[in-house]
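Laboratory data are not the source of any read-out in this text; all were calculated from the coordinates shown. Keep in mind the model is a prediction, meaning the values are calculated, not measured. Using ideal geometry, Cβ is built from the backbone for each residue, glycine included, and neighbour counts are taken over all protein chains shown.
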Amino acid sequence: MASKVERSPGDEEVYVDRERADRRDILLKEIMHPAVSVTLDTPAREALQIMLENRISGVPVVDESGKLAGVVTDAILLDSAVPKYLKYLENLAFVTEEADRWVHYISECADKPVREVMADKVARMQVGHSDIEAAHKMVHDGVSSVVITENDKPVGIVTRLDLYAAIAGIE
């Protein structure tokens, strides 16, 4: 029996044949990390601190009602802190260690609310799906994690490493 994998609005529908698996499906709720969320107005600096404390690379962003509004990752924060034109330069030797202006610029970026930098297109799945379905979604969407939701509210997050460990039988 094929089951539909939840898609973001505008994405194609994808079905996964769960009967073809020759092993027990591992449900996402068995391997997910509990969701640690931030609100739209949380400063980027605070979101980064939460990621560091929880040893995760991203956190779901929720609206006033607790529903998933986006995601902010370490890569998004770094991208928002580096001026656009610097991304095209091959050599940054002109930036001296005494460049207090750069430190000030990056510090200002850290004080922006996550609503200004977050991605609003989020790879998400309902809590009842399996590891195989999550792996398919990650590969299809080109992402490294999936936010697990229940009634549009984040309840957990599963990363590629979580999936690999579950498939390989590593706890």
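Of note:
- Annotation for the range 117-167 versus the range 59-75: alpha-carbon center distance of 14 Å.
- FRET efficiency estimate (nearest 0.05) - Cβ-Cβ, ALA119 to THR39, R0 22 angstrom: 0.90
- Gain on full extension, evaluated as 0.36 nm per residue between GLU64 and LYS29 minus their Cα-Cα distance, stands at 10.1 nm.
- Here the 3J(HN,Hα) profile of the range 111-122, calculated from phi with Karplus coefficients 6.51, -1.76 and 1.60 at θ = phi - 60°, is 8, 5, x, 4, 4, 7, 10, 5, 8, 8, 8, 10 Hz, Gly and Pro shown as x.
- Residue-wise HN-Hα coupling along the range 136-145, computed from phi with Karplus coefficients 6.51, -1.76, 1.60 (Hz; x: Gly, Pro): 4, 5, 4, 5, 4, 8, x, 10, 9, 7
- When each of the peptides 45-56, 154-165 is scored by the mean number of other C-beta atoms lying within 10 Å of its residues, the order from highest to lowest reads 154-165, 45-56.
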